[in-house]
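Chemist: First the structure, which I've put down as structure tokens, then a few questions once you've had a look.
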Amino acid sequence: MIETPPAASPPARGRPLPGPAGLDVLRSAWALKYHVLDTLRGAVARWGDAVAFPVPPWRMVLLNHPDHVAHVLQAGAARYGRSPNYTEMSLLVGKGLLTSDDGAPWRRQRRIAQPMFHKRALTGPLGPIVARVTDDLLADWRGRGDATFDLVPDASRLALRVAGLSLFGRDLGGEADALSRALAVALPFVQHRTEAVLRPPLWLPLPGHLRFVAARRALDRVVQGLIDERRRAHEQAPDLLGRLLDARDPESGEALSDRQLRDEVMTFLLAGHETSANALAWTLHELSRHPEVARRVEAEVDEVTGGRPVTADDLPRLPLVARVLDEALRLHPPAWVIERLALEDDVVGGFCVPRGSVVLLCTWTTHRHAAFWPEPDRFDPDRWAAGGPGHRMAYFPFGGGQRQCIGEEFARVELELAVARVAQVAHLEAPPDHRARPCPGVTLRPDRVLVRARWR
Ligand code: HEM
């Protein structure tokens, strides 16, 4: 349970936030639980860019304007901390890079991992790994002949294998089913606890707790297996796991404890594949629904490669592929909400945000802000040709400020190359009128993405 921090400064002055009151609070609590995306969008339409929802157990504040986003993530970031959803997330991933509070331990964790994610480092093994894993996926699809299938589990397997091979030197394809079964229990449990008014301790043997603990144990087995295997092999591999094992505290000279190591590996395993899997599924969904865009992507890849297999080195010459990804991440941001806890009273856009508020920065609504995105619901990769929305924080699928996603470049290389590789050999068709529905949980998953592959 997060404790409200003591006031660090005199109360800030600002207008009170608009939002539901009286019976409307109950209605919006229900609507936020069952229709969160439409409810947040409806609230912006009704009350504007800043809205308070005094919904137990938290006072939630939606800040939708890109200026607000820039304030919370960048200029005013010191007034905000990790929110309750990260506290609950740490039941699963412990205190890894994602859930650690800002401060010296987080900076140290980030310093250890950062070199693996520099652009230079990513031009090495990542490209060939993505190429190989995507080719396996395509071979699998060929085996399905003319059938229509749901590619969501395939995208998940691809992202898991890419993360396993490139970060930990292990192909996790064999564990994919067990991992996705465990995540299907563990992630909704975490999400549910964040929203719950009561959060009983995990040691109470409630059915939900027992299921969560079993799922976490299954995930732990995979993570511990990765660590033990590497230790036994006495290898010095130049991947993330190698760096974590070699890391030493600059003052004490001590290595990471087994617990820290487990938390970090679990964090990267989850953060490194769940979001990318969703992004890939959504991107292929949009391409399968927009054959005219898909044909242009295919032509771009053909022209650049002249028929040889596309590689990561070709990506700078595939601007349409990058725009397709940007547009898919705009409409379907896997990290659909970024939350922060207000550590002190603040004024944002003229409104008072009281200490203890849970601030919601909703990529899904800001990415549809009518002042920055003409026809916001339309999938139109060409809108990026003129250089984007004109405000840096009108688009923030990877967050911003010091906690910006460490894996952004990794994800971009992975996703652009996978999409280009698919486009080179297959043309995906969605059944008429098929639209994937967004399922907002810890990430924004599509319910299912139905396609049929036509071979080029
Ligand atoms: C399309 C794919 C991805 C999306 C949309 C995404 C999104 C994000 C966002 C929005 C944050 C910031 C969260 C916050 O500020 O509260 C974040 C943080 C993070 N991401 Fe990603 N991510 C993606 C892929 C990856 C990959 C591939 C990795 C690792 C290989 C990764 C690892 C992390 C980690 C460790 C953090 C925490 C960083 C920190 O707090 O210092 N992500 N991600």
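Chemist: Output yes when any residue across segment 318-325 is away from the ligand (no atom under 14 Å from the Cβ), surrounded by fewer than 20 Cβ atoms within 10 Å (Cβ to Cβ), at pLDDT 95 or above and more than 13 Å from Ala423 (Cβ to Cβ), and no when none is.
Modeler: There is at least one residue in segment 318-325 that is away from the ligand (no atom under 14 Å from the Cβ), surrounded by fewer than 20 Cβ atoms within 10 Å (Cβ to Cβ), at pLDDT 95 or above and more than 13 Å from Ala423 (Cβ to Cβ).
Chemist: Let me ask another. Kindly provide the set of residues from segment 221-256 that are among the polar types (S, T, N, Q) and either within 25 Å of Thr123 (Cα to Cα) or at pLDDT 90 or above (or both), ordered by number.
Modeler: Within segment 221-256, Gln224, Gln236 meet the criteria.
Chemist: The conditions are (1) crowded, with 20+ Cβ neighbours inside 10 Å; (2) of a type in the set (Phe, Trp, Tyr); (3) modelled with pLDDT of 95 or more, and Phe168 fails exactly one of them. Which is it?
Modeler: Unmet condition: (3).
Chemist: Read through the list (1) out of contact with any Leu (no Cβ under 7 Å at 6 or more places or on another chain); (2) within 16 Å of the ligand (Cβ to nearest atom), then give the number of the only condition that Leu280 fails.
Modeler: With respect to (1) out of contact with any Leu (no Cβ under 7 Å at 6 or more places or on another chain); (2) within 16 Å of the ligand (Cβ to nearest atom), Leu280 is out only on (1).
Chemist: Considering only residues that are hydrophobic (A, V, I, L, M, F, W, C), more than 18 Å from the chain's Cα centre (by Cα) and under 23 Å from Ala113 (Cα atoms), which ones fall in segment 145-178?
Modeler: Hits for segment 145-178 are Leu165, Phe168, Leu172.
Chemist: Also: What tally of residues in segment 44-58 results from selecting those that are part of a helix (DSSP H, G or I) and under 24 Å from the mean Cα position of the chain (by Cα)?
Modeler: The initial filter retains those residues of segment 44-58 that are part of a helix (DSSP H, G or I), namely 44-47.
Now narrow it down to the ones that are under 24 Å from the mean Cα position of the chain (by Cα): 44.
Number satisfying all stated conditions: 1.
Chemist: In segment 185-205, what residues are farther than 14 Å from Pro57 by Cα and either in contact with a helix residue (DSSP H, G or I) (Cβ under 7 Å, 6 or more places away or on another chain) or of a type in the set (D, E, K, R) (or both)?
Modeler: Val185, Ala186, Phe189, Val190, Leu202, listed by residue number.
Chemist: Still on this structure: Here are Arg412, Arg383, Arg448, Arg456: which of them is surrounded by 16 or more Cβ atoms within 10 Å (Cβ to Cβ), of a type outside the set (A, V, I, L, M, F, W, C), away from the ligand (no atom under 16 Å from the Cβ) and under 29 Å from Thr311 (Cβ atoms)?
Modeler: On the way: Arg412 fails: away from the ligand (no atom under 16 Å from the Cβ); Arg448 fails: under 29 Å from Thr311 (Cβ atoms); Arg456 fails: surrounded by 16 or more Cβ atoms within 10 Å (Cβ to Cβ).
Only one candidate passes the filter, namely Arg383.
Chemist: Hey, can you tell me all the residues within segment 202-248 that are aliphatic (A, V, I, L, M) and part of a loop (DSSP other than H, G, I, E, B)? Show your work before the answer.
Modeler: As a first pass, look at segment 202-248 and keep what is aliphatic (A, V, I, L, M): 202, 204, 206, 210, 213-215, 218-219, 222-223, 226-227, 233, 237, 240-241, 244-245, 247.
Matches in segment 202-248: Leu202, Leu204, Leu206, Ala237, Ala247.
Chemist: Let me ask you something else. Just one of (1) within 16 Å of the ligand (Cβ to nearest atom); (2) surrounded by fewer than 18 Cβ atoms within 10 Å (Cβ to Cβ) trips up Asp377, so point out which.
Modeler: That leaves (1) as the condition not met.
Chemist: If you don't mind, another one. With respect to Ala104, is the statement that it is surrounded by fewer than 21 Cβ atoms within 10 Å (Cβ to Cβ), at pLDDT 95 or above and more than 17 Å from the chain's Cα centre (by Cα) true?
Modeler: Working: surrounded by fewer than 21 Cβ atoms within 10 Å (Cβ to Cβ): yes; at pLDDT 95 or above: no; more than 17 Å from the chain's Cα centre (by Cα): yes.
Answer is no for this residue.
Chemist: In segment 238-255, which residues are touching a helix residue (DSSP H, G or I) at 6+ places or on another chain (Cβ under 7 Å) and touching a residue at least 60 places away in the same chain (Cβ under 8 Å)?
Modeler: So in segment 238-255, the residues touching a helix residue (DSSP H, G or I) at 6+ places or on another chain (Cβ under 7 Å) come out as 239-241, 243-245, 247.
Once the filter is applied, which keeps residues that are touching a helix residue (DSSP H, G or I) at 6+ places or on another chain (Cβ under 7 Å) and touching a residue at least 60 places away in the same chain (Cβ under 8 Å), segment 238-255 yields Asp239, Leu240, Leu241, Arg243, Leu244, Ala247.
Chemist: Follow-up. Does Leu361 fit the bill of being farther than 30 Å from Asp135 by Cβ and either touching a helix residue (DSSP H, G or I) at 6+ places or on another chain (Cβ under 8 Å) or among the small types (Gly, Ala, Ser) (or both)?
Modeler: It is true that Leu361 is farther than 30 Å from Asp135 by Cβ and either touching a helix residue (DSSP H, G or I) at 6+ places or on another chain (Cβ under 8 Å) or among the small types (Gly, Ala, Ser) (or both).
The values are calculated or read from the model by the stated rules, or taken from the named source; none is laboratory data. Because the structure is predicted, anything quoted here is derived from the model rather than measured. Note: ideal-geometry Cβ built from the backbone for every residue, glycine included; neighbour counts use all protein chains shown.
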